[in-house]
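One structure is given below, encoded as C-alpha cells.
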Amino acid sequence: MKLALLCSVAFLAASSPVLAADLVQPVAAMPFSWTGFYAGGQIGGGWNDSHWSGGFVPFNTNGSGGIFGGQIGYNYQIDQYVIGIEGDLAGSTVKGDNQCSTAPGTTCETKQDYLASVRGRLGYAFDRFLIYGDAGIAFTKYKIAEVDVFPQSFGGGSRVGWTAGLGAEYAFTDHWIAGVEWNYYDFGTKTGESDQLPGFFVDNRNTENVVVGKINYKF
C-alpha cells in the first residue's frame, strides 16, 4: 500500500510540469472571417478617354483628375471564397480639353462631375488577404462644351454604363481593412445638341480607368 502511494506521488510530481506546459500553450488563432457589413472612404485618380464626332471632324479631349468618395458593402465567405456587393459614390475633378476641329484657336472640354457604381464582387481569401474581381452598373455626369471664342454647351448630362475591375484588400485588424482597386468604365456614346446652334449635334463617347486606395471598417 505504501509502495503504491509512493509510486503515485512520484508519477504526479514527474507529470505535473508536462501538464502545466500543456495548460499554458497558446490557443491557435481563429481564421479571419470576411463575412459582414463594411463602410469606408476612397481616394485616387481617373483617366478619361472622351471621343468627339458627328458635327466635328473627330478628335479627343482626354483628361485626368482626382476621385474621392466613399463606399458601403457586404461580404459573405464560403470556405476561402468571398462573394459580396458594394456601392460607391465619388466626386470627380477629371477634366480634359483639346482644340476643337471647327476653327483654329477654339477649345473643347469634357468635365466629369461624379462617378458611382453598384458592383458584385467575387474573391479568394488567403486568411486576412483577399483578391477579387468585380463588375456592375455605373453612373456619371459629364459636361461637354466649347469653352472659348464661341462658348456653347453640348449637354453631356447623366450617363449609365458598365464597369469591371480587380482589387486586393488586407485586414490589419478584425475591423480595419485597407485595399487598392482598379476599375474600367464604359459609358457609351451620347448625342448632344448645341445650346447656341439648334440642329447642330455632337456625338461624345466616354470611357475611363480609375485607380483608388480604400479604407473600410468592418462591423
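A short reminder: the numbers here are calculations on the coordinates, not readings from a lab. This structure is a prediction, so every number in the text was calculated from the model and none was measured. Ideal geometry is used to build each Cβ from the backbone, glycine not excepted, and the neighbour counts take in all protein chains shown.
Along Cα→Cβ, 7 Å out, is where each label goes; now give me the distance between the ones at T191 and R128 in nm to one decimal.
Result for the modelled spin labels: 5.6 nm.
With each run of n ≥ 4 DSSP H residues scored as -39500 (n - 2.57), what mean residue ellipticity at 222 nm is computed for the chain after dividing by its residue count and rounding to the nearest 500 deg cm²/dmol? Each step should come with its number before you reach the end.
Values: 1 runs with 23 residues, N = 219.
Theoretical 222 nm ellipticity from helices: -3500 deg cm²/dmol.
What is the gain in length, in nm to one decimal, between I72 and T35 on full extension, counting 0.36 nm per residue of separation less the C-alpha to C-alpha distance? Walk me through the numbers on the way to the answer.
On the way: separation 37, 0.36 × 37 = 13.32 nm, distance 1.37 nm.
Separation in residues times 0.36 nm, less the Cα-Cα distance, equals 12.0 nm.
With r as the distance between the Cβ atoms of A178 and F150 and R0 = 45 Å, compute the FRET efficiency 1/(1 + (r/R0)^6) and round to 0.05.
After rounding, the FRET efficiency stands at 0.40.
In 10 Å bins starting at 0, how do the alpha-carbon pair distances of the stretch 35-165 split up by percent?
In order of increasing distance, the bins hold 12, 35, 26, 16, 9, 3, 0 percent.
Using 0.36 nm times the number of residues separating F59 and T107, minus their current alpha carbon distance, what extension gain do you get? Write out the running numbers ahead of the final one.
Numbers: separation 48, 0.36 × 48 = 17.28 nm, distance 1.15 nm.
Between F59 and T107, full extension yields 16.1 nm more.
Quick one: check the C-alpha center-to-center distance for the stretch 134-160 versus the stretch 28-56, whole angstrom.
Spelled out, the Cα-based centre of one part sits 21 Å from the other.
If each residue of separation counts as 0.36 nm, what is the full-extension length gain between V160 and K141 once their alpha-carbon separation is subtracted?
On the way: separation 19, 0.36 × 19 = 6.84 nm, distance 0.89 nm.
Contour length minus the Cα-Cα distance gives 6.0 nm.
State, as an integer percentage, the relative contact order of the chain based on alpha-carbon contacts under 8 Å between residues 6 or more apart. Please report the intermediate quantities before stating the final value.
Numbers: 588 pairs, mean separation 42.9, N = 219.
Normalised by residue count, the contact order of the chain is 20 percent.
Please report the base-10 log of the normalised intensity I(q)/I(0) for the chain, using a Debye sum with one equal scatterer per alpha carbon and no solvent, at each q in 0.13, 0.15, 0.16 (1/Å).
-0.78, -0.92, -0.99
Compute the acute angle (0 to 90°) between the alpha-carbon long axis of helix 2-24 and the principal axis of greatest extent of the alpha-carbon atoms of the chain; round to the nearest 10°.
10
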